[in-house]
1. Run through the DSSP bridge list for the chain and note the antiparallel percent, rounded to the nearest 5.
2. Along the charge dipole of the chain, Cβ charges K/R +1 and D/E -1, which of Cys338, Ile505, Ile64 sits furthest on the positive end?
3. Which of Ser29, Val148, Gly158 sits farthest toward the positive end of the charge dipole of the stretch 3-338, with +1 on the Cβ of Lys and Arg and -1 on the Cβ of Asp and Glu?
4. Kindly express, to the nearest 10 degrees and within the range 0 to 90, the angle between helix 79-95's C-alpha long axis and the longest C-alpha principal axis of the chain.
5. Helix 231-243 versus the longest principal axis of the chain: what is the Cα-based angle in degrees, 0 to 90, to the nearest 10?
6. Filter the trypsin sites (Lys or Arg not before Pro) in the stretch 476-509 to those in DSSP coil with at most 13 other Cβ atoms within 10 Å of their Cβ, and list the result.
7. In the stretch 3-338, what % of DSSP beta bridges are antiparallel (nearest 5)?
8. Please list 3J(HN,Hα) in residue order for the stretch 533-547, calculated via the Karplus relation 6.51 cos²θ - 1.76 cosθ + 1.60 where θ = phi - 60°; whole Hz, with x for glycine and proline.
Amino acid sequence: MSALEKYPNLFSPLDLGFTTLKNRALMGSMHTGLEEAEGGFERMAPYYAERARGGVGMIITGGIYPNAEGGSGAKLSTSEEALQHKLITDAVHAADNDVKICMQILHSGPLARSQEAVAPSAIKSRIAPHTPIELDEAGIEKQISDIVNCAEKAQEAGYDGVEIIGSAGYLLSTFLVEKTNQRTDQWGGSYENRMRFPVEVLRRTREAVGSNFILVFRIAAMDMLQGGMSWDEIVQLAKRMEEVGVNIISTHFTWHESTVPTIATMVPRAAFASVTGRLRKELSIPVITSNRINMPDVAEQVLLDGHADIISMARPMLADPDLILKTLEGREDEINTCIACNQACLDHTFTGQEVSCLVNPRACHETMLSYTPTDKPKSIAIVGAGPAGLAYADVAAGRGHKVSLYDAASEIGGQFNLAKQIPGKEEFFETLRYFKRRIEVAGIDLNLNTAVSAQTLKDKGYDEVIVATGVAPRTPDIDGIDHEKVVGYIDAIKGLKPIGRKVAIMGAGGIGFDVAELIMHKGVSASQDIDTFAREWGIDFKNHPRGGVTGVEPVVESADREVVLLQRKTSPVGRGLGKTTGWTHRIALSRRGVKMVNGVDYVKIDDDGLHVLINNEPQVLDVDTIIVCAGQTPLRDLHDALQQAGQNSTLVGGAFEATELDAKRAIKQACELAAVV
């Protein structure tokens, strides 16, 4: 069956009247950090061009500010700035003239990280650094004019259209919601008045850019706020946008300050598509849906169900720029799937770093990390088929080297085989599927159940030996650590030892949180079932109360256990977790009744339990099981033996640095080394 037969909806053109999208795949907006970087436009041009060659029908750029109040960084308000953007539009259209590229206009409003932040009312967001300045009438007119001017400059720069974001807690959306708009003039009060600002922005933009320019409005179809927008208000706003000339409505599903996860790996695939589908029935213009749609079969099903006209995939295009091309060529099993970890993309965005991708370090670094074919093929042995070893093998073999991959285990994956067992992290199976297929396609000589010695490797005469042997759990030096109550995290995750009813977890890093989630879990994983996800996070998809969550209490099933998660540091437990996902893990465990304690010193373990000092106060925790998640140590014995045998070797991944399990760092390091071997 051809791809056109298998995915007839995904590959069908979409006629917008004055122009046509060649398919229904959209690379959605994602800020990269290159917008503000020195030489960033010279790097963004090949980044977007690579995605254009990869088969998408349309691209929406990361957010660009219309003025200084909109945010500090990438701004478009002058013809000189428009010339920079032409680097992007020219590159995309040269890569594929059928691909449309739109620029997102982002006015951060009260979320702008400057004292110039503005809003309809002087109400500080809980996630913003400053209380915004309340706009007066002249200020409102200035913001509208500046946004319209930004759209005109985008047109001048060669973009095919713009997306104006009216969601997420940014400026336009704060006019819509009563709690952030407490004005009593024509811009506040009744919903008709609160709509006035975004409607006027889009109306004047259409007048300015003419009819042959794509105009997308991003609406919060479910803002996940207590007291947020009602369904009737959402429909009313969308219909008004259609009336003033918007071509496409793009649905968004949160404000940044919401405490409901919408894009983390614990969220089911296409969890919010039905909300878009409900809005689609009210409109005659196309609608875009998004969030956790990372594979072509999911996209096709959403379209088949009538939930959307266009599928937005932002992070999946970071993970694999050729996602759509591979689908068209029948190579879906070669797609490097986005696992929604957020570690190198959104976590970087919200901490001021340049964006990349855990499973694809080339993302946003196309001019800096190139996998060019080698003109001097080498024979390379890689020992360890965890994330670092797999990534090195993939890149090296893809460049033309002869690669042999060894692992003493019976399957590839290393620590990923632990991660995939954690409820909410099932997407890790996809990464292992990708690497399995790459081993076949690239002709890598895979040797599982094979422990190799330094002498064997030396005798085989490899040009390069890469030691990716990973880590071993660290054993704390405390009395009683060998007590029968003690269980290592590997045995706990694999179910090799029984876990009692009363449990203490030593260590509150990522592994400690994962173990707590696993042993407290009951029933189906929320990531695999939309109804379970909605119930656990207090979302009512059926009745759509205000914000989708107002008055809805989360209901979580938990295993019959008492669990305490312990941390030596005095900082809040979980502070070191990812910026955009850490809070979800803390909330999830709290709702499951897990106690989190910091400032703990471990004294000893005996029949009475775990003896500790908590803030220098002695306590005995009466527990049946003590699970040790106290970090890792690098496994370098083979490397040391190779050095002694006179064979050069290179450490990568956890064997190189094991301060914390970090697949992002391990894969990046492996890819960078393999790119120049």
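Values in this text are rule-based calculations from the coordinates and carry no lab data. If you're wondering where the values come from, they're calculated on a predicted model, not measured in any experiment. Here the Cβ positions follow ideal geometry from the backbone for every residue, glycine too, while neighbour counts run over all protein chains shown.
1. If I count the DSSP bridges inside the chain, around 20 percent turn out antiparallel.
2. Sorting the options by dipole projection puts first Ile505.
3. Projecting each Cα onto the dipole axis, the largest value belongs to Ser29.
4. 60
5. The helix 231-243 is inclined about 60 degrees to the chain.
6. Arg501
7. 5
8. 4, 4, 5, 6, 10, x, 10, 10, 5, 6, 9, 6, x, 3, x
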